[in-house]
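Trainee: Input: one structure, supplied below.
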Amino acid sequence: MRTVWIVNHYATDPSESASGSRHFSLSKHLAQAGWAPTIIAASTEHPSGRQRISTRARQMERTVGDVRFRFLRAPAYSGNGIVRLLNILVFTVRLLLPSGTRGLPRPEVVVGSTVHPLAAWAASVLAGRLGVPFVFEIRDLWPQTLIDMNKLPSSSGIAWLLRFMERVLCRKASVIVTLLPFASHYLEERGVPREKIVWVSNGCDAADFDHSPQEETVDGDFVFMYFGSIGLANGVEEIVRAFAPLADDTRLVLYGGGPSLPRVRDVVQELRIGHAVDFRGVITKAEVPAVATLADALVINVLDLPVYRHGISMNKLFDYLAAARPVVIATNAPNNPVAEAAAGVTAPAADPAAFTRALQAVRRSSPVQRATWGANGRRLLEDEYDYAVLGRRFADALTTAASQQVNAQLSDGRSRP
């Protein structure tokens, strides 16, 4: 078995959170392709900032199935303030200290995954020390995502620094993995060779949804459901506003938490639809399959932001498809699995009236039509976005990186007198 280290500051296993389990899901399938993964992450769970390590220990190991985690201690935090920045810096430093990886089997490849680029940079340093290939996984385009969301001026010093880091990491990488289907265009415009870029989307383990008992819908009402983060980028306020005209005989159930939750609650009160909107709190990834059976339809809103011109790859969208429920999606992104699969109804982003009409269309549809939409989505998920499929694609990327190292060594040996 070949060993790979996967550095992802925010990695989790599904029993902890509904987010951050991408690499756990991929890793479950890597063994079948001959790879033994170790996931290296911070000791704090995101987005809550909760501390996993209750003692003063600097690190903790956990094995879930065949997947090995090493959690490096970093300060607990709340929100996006200075303590979270300290959390990022401490994790980066501890990863680079010899103790951070001591005792782990030597890797043949090191993967560095964003969101924040310091984790990927530290992974590239580890790969350089060990003389093994570095694979750069881009989950968010930094700084472009922050610029497109108006959180960072494009001419700022921080933007320049992030662009510099992006160039360095792309140059160091033997293979670049992107989650967004059209991010390759962005990278090619910045001089990255197309042959270095591999698309490995987010996805879902379809089998996780096969053993969830069918439940009765909440109070017998027709239920739209959302689960996931409730932040500025998630557009949950717009979901609530689009739902409001249906509130007399329909329910909207929201699972999740985040910085925009108080604002969403205020909007519910402002619209006087508190009787029809339920806030159910945060759930873990492992709980999602059973929760999804309570829905008649699932809803997602993709804001009309420039960053989505590179495509979308939201975890919740693939959970929705795996649940075999019709999906209502508002989006202008160039890829749309819901439309591709005929798995529900699509509305253009930033068009509240159209979003409401899409919800109404699903509400008025027949049970047969809803079952057809759900089956269509499940079929696409199994064919294209099941982690069994994506795991093989990820393994191929690792094998490509490792083979480049072998070829380079052979070439270097032949070139010596």
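Trainee: Report the label-to-label distance for ARG379 and ALA353 in nanometres (one decimal), using points 7 Å from each Cα along the Cα→Cβ vector.
Mentor: 3.5 nm
Trainee: Can you compute the radius of gyration and Dmax for the chain, using only the Cα atoms, both in Å?
Mentor: 21.9, 83
Trainee: While we're looking at this one, here's another question. What whole number of Å gives the distance from the Cα centroid of segment 252-303 to the Cα centroid of segment 131-169?
Mentor: Cα centroid to Cα centroid, the span is 32 Å.
Trainee: With Cβ to Cβ distances under 14 Å as the rule, what net charge do the other residues near TRP373 carry (K, R +1; D, E -1)?
Mentor: Working: positive: ARG325, ARG363, ARG364, ARG370, ARG378, ARG379; negative: ASP296, GLU340.
Local charge sum for TRP373: +4.
Trainee: When only alpha-carbon atoms count, how far does segment 207-385 stretch along each of its three principal axes, as whole angstroms with the largest first?
Mentor: Principal-axis extents of the Cα atoms in segment 207-385, largest first: 42, 40, 31 Å.
Trainee: Pull out the extension gain between GLU287 and ARG163, defined as 0.36 nm times the separation in residues minus the alpha carbon to alpha carbon distance; nm, one decimal. The partial results should precede the final answer.
Mentor: Working: separation 124, 0.36 × 124 = 44.64 nm, distance 3.82 nm.
The span from GLU287 to ARG163 would gain 40.8 nm if fully extended.
Trainee: What dipole magnitude, in Debye to the nearest 20, does the chain give about its Cα centre under +1 on Lys/Arg Cβ and -1 on Asp/Glu Cβ?
Mentor: Details: 45 positive and 39 negative charges, 390 e Å.
Roughly 1880 debye for the chain.
Trainee: A further question on this structure: Would you calculate a helix-derived [θ] at 222 nm for the chain, using -39,500 (n - 2.57) for each DSSP H run of n ≥ 4 and dividing by the full residue count, to the nearest 500? Let's see the in-between values first.
Mentor: Working: 15 runs with 163 residues, N = 417.
Helix-only estimate at 222 nm: -12000 deg cm²/dmol.
Trainee: Related question: If I take all pairs of Cα atoms in segment 1-119, what percentage of them are more than 17 Å from each other? Intermediate values should be presented prior to the final figure.
Mentor: Details: 3651 of 7021 pairs.
The calculated P(r) of segment 1-119 puts 52 percent of pairs beyond 17 Å.
Trainee: Within 10 Å of each candidate Cβ there may be at most 13 other Cβ atoms; applying that plus a DSSP loop requirement, which chymotrypsin sites (Phe, Trp or Tyr not before Pro) in segment 42-91 survive? Don't skip to the answer; put the middle values down first.
Mentor: Numbers: sites: PHE69, PHE71, TYR77, PHE91; in loops: TYR77.
Sparse-neighbourhood loop chymotrypsin sites (Phe, Trp or Tyr not before Pro): none present.
Trainee: Next up: Taking the Cα centre as origin and putting +1 on Lys and Arg beta-carbons and -1 on Asp and Glu beta-carbons, what dipole magnitude results for segment 207-385, to the nearest 20 debye? Spell out each step's value before the answer.
Mentor: Values: 16 positive and 22 negative charges, 65 e Å.
Using only the charged Cβ atoms, the result is roughly 300 debye.
Trainee: Then there's this: Which listed residue (ALA343, ALA292, LEU359) has the Cα farthest towards the positive end of the charge dipole for segment 207-385, taking +1 on Lys and Arg C-beta and -1 on Asp and Glu C-beta about the Cα centre?
Mentor: The one lying farthest along the dipole's positive direction is LEU359.
Trainee: Multiply the residue gap between GLN269 and LEU97 by 0.36 nm, knock off their C-alpha separation, and tell me the result in nm, one decimal place.
Mentor: Values: separation 172, 0.36 × 172 = 61.92 nm, distance 5.08 nm.
Value of the extension gain: 56.8 nm.
Trainee: Given a cut-off of under 8 Å on Cα pairs at least six residues apart, what relative contact order in percent is computed for the chain? List each step's numbers first, then the result.
Mentor: Details: 821 pairs, mean separation 65.0, N = 417.
Taking the mean separation of contacting Cα pairs over the length of the chain, I get 16 percent.
Trainee: Then there is this: What is the total of Lys pairs in the chain with C-alpha atoms under 25 Å apart, excluding same-chain pairs fewer than 8 positions apart? Intermediate results must be reported in sequence, preceding the final value.
Mentor: On the way: LYS28/LYS196; LYS28/LYS285; LYS28/LYS316; LYS151/LYS316; LYS172/LYS196; LYS285/LYS316.
So the count works out to 6.
Trainee: Which one of VAL192, VAL135, VAL200 has the biggest mean-square fluctuation once the chain is modelled by GNM with Cα springs under 10 Å?
Mentor: Ranking VAL192, VAL135, VAL200 by mean-square fluctuation puts VAL192 first.
Trainee: Next up: Pairs of Cα atoms under 8 Å, at least six residues apart: use those to get the relative contact order of segment 207-385, whole percent.
Mentor: 22 percent
Trainee: Only bridges with both residues in the chain count here: give the DSSP antiparallel percent, nearest 5. Write out the running numbers ahead of the final one.
Mentor: Values: 8 of 55 bridges.
Taking every DSSP beta bridge with both residues in the chain, the antiparallel ones total about 15 percent.
Trainee: Estimate the FRET efficiency between VAL83 and ALA361 by the formula 1/(1 + (r/R0)^6), using the beta-carbon distance for r and 60 Å for R0, to the nearest 0.05.
Mentor: Values: r = 45 Å, r/R0 = 0.76.
My answer for the efficiency is 0.85.
Trainee: Tell me, what is the percent relative contact order of segment 43-122, built from C-alpha pairs under 8 Å that lie six or more residues apart? Could the numbers behind the result be given before it?
Mentor: Details: 91 pairs, mean separation 16.4, N = 80.
Normalised by residue count, the contact order of segment 43-122 is 20 percent.
Trainee: To the nearest 0.05, what FRET efficiency results for ALA33 and ARG62 with a Förster distance of 22 Å applied to their C-beta separation? Present the calculation step by step, with values, prior to reporting the outcome.
Mentor: Working: r = 23 Å, r/R0 = 1.03.
Efficiency, from the Cβ-Cβ distance: 0.45.
Readers should treat all values here as calculations from the given coordinates under stated rules, not as data from a laboratory. What you see is a predicted model; the values in this text were computed from it and never measured. All Cβ positions, glycine included, derive from the backbone under ideal geometry; neighbour counts span all protein chains shown.
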